[in-house]
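The values are calculated or read from the model by the stated rules, or taken from the named source; none is laboratory data. As the structure is a computational prediction, the values presented were derived from the model and not from experiment. Cβ placement follows ideal geometry from the backbone for every residue including glycine, while neighbour counts extend to all protein chains displayed.
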Amino acid sequence: MDAIEDIRAPSIGRLELYCDRVAGAVGRLSIRVFGATEPHAKHGARHLGQALQLTNILRDLKEDAEHGRLYLPDELLVANNVKSREPFEVLRHPALPAICAEIAARARRHYHAAAAAMRKCRRGPMRPARAMGAIYRAYLDALERRGWARIDEPVKLSKLRKLWIALRYGLL
């Protein structure tokens, strides 16, 4: 969707469609490859795709702005009295922390819904999804700890931390 034109302040519905196309679709394909056939697996993949992509959006605010993109939903900008749709102007706006906190809360609701759906599926085929969800939740935790006023400070997880999470959620 963003290969054709830069996305700037999409509606919440368009943002959800974007997240589904770039992350949810990959999840639905992946669960089939890993052998998950339960109806709840698709539900989990959809929610996990939303959560992962919202986390990516929060992690990449500055990088996206450098490419003329702004994935923060128009409805949240309007609700927080942000007039501009120019990416860097929005990122400098005093309401940015409140907007990002709302996106983070949405991501957390999707992580929760994905986990609930995955608990209704066989464990084996869902291991990669559980591990991916745990890694990205750790990114979201780190983003929230860093705060939204310092988006130029990259948030990273160490290789050891990612390995620990992958082992914990992928093998147990």
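Summary of values
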| quantity | calculated |
| --- | --- |
| Subset of segment 4-25 (residues that are of a type outside the set (D, E, K, R) and either touching a Phe, Trp or Tyr at 6+ places or on another chain (Cβ under 8 Å) or surrounded by 18 or more Cβ atoms within 10 Å (Cβ to Cβ) (or both)) | 7, 9, 10, 15, 18, 19, 23, 24 |
| Residues of segment 22-45 classified as among the aliphatic types (A, V, I, L, M), in contact (Cβ under 8 Å) with a residue 40 or more places away in the chain and in a helix (DSSP H, G or I), total | 3 |
| Candidate set from segment 148-172 (those that are of a type in the set (Phe, Trp, Tyr) and over 22 Å from residue 57 (Cβ atoms)); member that is surrounded by the most Cβ atoms within 10 Å (Cβ to Cβ) | 169 |
| Looking only at segment 123-147, and only at residues there that are surrounded by fewer than 14 Cβ atoms within 10 Å (Cβ to Cβ) and touching a residue at least 40 places away in the same chain (Cβ under 8 Å), the one that is farthest from residue 82 (Cα to Cα) | 124 |
| So residue 52, is it part of a helix (DSSP H, G or I) and touching a Leu at 6+ places or on another chain (Cβ under 6 Å) | no |
| Filter result for residue 111 (touching a residue at least 12 places away in the same chain (Cβ under 8 Å), aromatic (Phe, Trp, Tyr) and farther than 16 Å from residue 27 by Cα) | no |
| Residue count for segment 1-51, restricted to those that are among the aromatic types (Phe, Trp, Tyr) and either at pLDDT below 90 or more than 17 Å from residue 71 (Cα to Cα) (or both) | 1 |
